[in-house]
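The structure appears below as structure tokens.
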């Protein structure tokens, strides 16, 4: 995990330019409770920090991961996950 | 655009806190003239031409906030923000006790321009709130009972002045940050325009005397004057508030405040700010100059670190304070800031690996909260490591160079 984390806006909204187009996973940090389902369902984009909270890659999910990403969004118990372009 | 009352000249020196000025409405009108009534687009144009930036810390272009509110459908809530949660800042309370009618002028101008459905002056509990209430009450009498604003107290917490926390609290919720942007969903879901009280005071002068006058002093990129809260770490003397053109070198500011102009370092912006040393302190403090050091003027906090004070100990105390002031809503911040504070403590004690852990936790919390509190805290911690690398090495070796000076 990099020490030079890009700054995101409130609610986890990414404010920098993404590497390519397409939706990426965004976490509402206030809703998030660190349940961890997202990391289980989408390990290619989400892993957990030492306290169980998601570290989300800014990279778009791409077509191969889109189904898994939508599943993670739907199954988050806190509805904290979303896909944003 | 100049809508100054006839016979009233624009202030040549101090603008917001004129010497010998009193807070009464009569004295206010005698000094500045009656408040003009520009058309909404005129107010936006003036803010644009003047390059007026917000004085609450973020330095956002005011014309853009105004224009967004103007083009918003539905009732806008306008808030004058004097929550002043930053411990090293005293400018907002000084403005509300010294020139409160300028602030109320600004509120009236903005409220009229955006056709506000609710106008609130949100002031820190205690002396600030009392001053705000007195000013609003006096204004209401003058306006024949049509008081411009309601007054609401803000809790004395670091995050109390955060815009979404302000909107949350004014809507009946807790004084805690929330996710939707306030300009679209703020107080009770209404579009909300939050402006720092100093910004409002500048608008009140800008409307009277025009952008050419306004931008005639200071940093060309963000011109005008600004209020600065000057203090010295570990010094019992109270914070001194001065007004100076934007971009005034910090050494000059310190001197004007009667403090040592060549301290070990200066913390600029606030507790989420940046430590400056050497030429950064004596040179121009324009936005362009400060950017080279990764700094911004922030909310005008200028906190000097005197010789003989340990920069790591002072910084560790600030991080501990910031950790304690988290909103309790987001895991990375709730867990990460105390961990960062613990590592700062270990840094002071010269324990192995502390510097690496500080850097790691700073990276881990940055951008992973619901507001910018973890980002600002991480930035401050990183600034400490950068500016005081020699002290970090000395502590690692079992000595403290600052203490050795005394």
task: Would you mind getting me the FRET efficiency between residue B:234 and residue A:75? Use the beta-carbon distance for r and R0 = 56 Å, nearest 0.05.
output: 0.60
field: Virtual spin-label span in nm between residue B:117 and residue B:262, 7 Å along Cα→Cβ
entry: 6.0
query: Tell me, what is the FRET efficiency for residue B:255 and residue B:356 to the nearest 0.05, using R0 = 51 angstrom and their Cβ-Cβ distance as r?
result: 0.85
- prompt: Sorted from largest down, what three extents in whole angstroms do the Cα atoms of region B:3-62 have along their principal axes?
  reply: 31, 27, 20
message: For region B:342-406 and region B:197-234, what is the centre-to-centre distance using only Cα atoms, to the nearest Å?
response: 34
- line: Checked region B:46-184 against the a/c 1.5 cut and the a/b vs b/c comparison, axes a ≥ b ≥ c from its Cα gyration tensor; verdict rounded
task: List B:129, B:321 from most exposed to least, where exposure is judged by having the fewest other Cβ atoms within 10 Å.
output: B:321, B:129
query: Taking every residue in A:44-50, how many Cβ atoms of other protein chains lie within 10 Å of its Cβ, on average?
result: 2
Ordering of A:59-68, B:184-193 by burial proxy (mean other Cβ atoms within 10 Å per residue, highest first): B:184-193, A:59-68
Between 0 and 90°, nearest 10: helix B:354-365 axis offset from chain B longest Cα axis: 40
- line: FRET efficiency (residue A:67, residue B:184; Cβ distance; R0 35 Å; to 0.05) is 0.65
message: Cβ neighbours within 10 Å, averaged per peptide: list B:234-242, B:31-39 in order, most packed at the top.
response: B:31-39, B:234-242
- request: Using packing as a proxy for protection, rank B:378-385, B:53-60 so that the peptide with the highest average count of other Cβ atoms within 10 Å comes first.
  value: B:378-385, B:53-60
Rg in Å to one decimal, and Dmax rounded to a whole Å, for region B:38-99 via C-alpha atoms: 13.8, 38
- request: State the antiparallel share, in %, of DSSP beta bridges confined to chain B, rounding to the nearest 5.
  value: 45
- line: Percent antiparallel among DSSP beta bridges confined to the protein assembly as shown, nearest 5, equals 55
statement: Partner shielding of B:333-345, taken as the mean number of other chain Cβ atoms within 10 Å, equals 1
- prompt: What is the average number of partner chain Cβ atoms found within 10 Å of a Cβ in B:359-366?
  reply: 4
query: Given the rule -39500 (n - 2.57) for each run of at least 4 DSSP H residues, summed and divided by the residues of chain B, what is its mean residue ellipticity at 222 nm, to the nearest 500 deg cm²/dmol?
result: -13500 deg cm²/dmol
- prompt: How far apart, in nm, are the 7 Å Cα→Cβ label points at residue B:27 and residue B:399?
  reply: 5.4
- request: Could you tell me whether chain B comes out rounded, prolate or oblate from its Cα gyration tensor? Rule is a ≥ b ≥ c as square roots of the eigenvalues, rounded for a/c under 1.5, then prolate if a/b exceeds b/c, otherwise oblate.
  value: prolate
message: Cut-off 10 angstrom, C-alpha nodes, Gaussian network model of chain B. Which of B:123, B:12, B:309 fluctuates the most?
response: B:12
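The numbers here are math on the coordinates, done by the rules we state, and not lab data. Every value quoted in this text rests on a predicted model; they were computed, and no experiment measured them. Glycine gets a Cβ as well: all are built from the backbone with ideal geometry, and neighbour counts include every protein chain shown.
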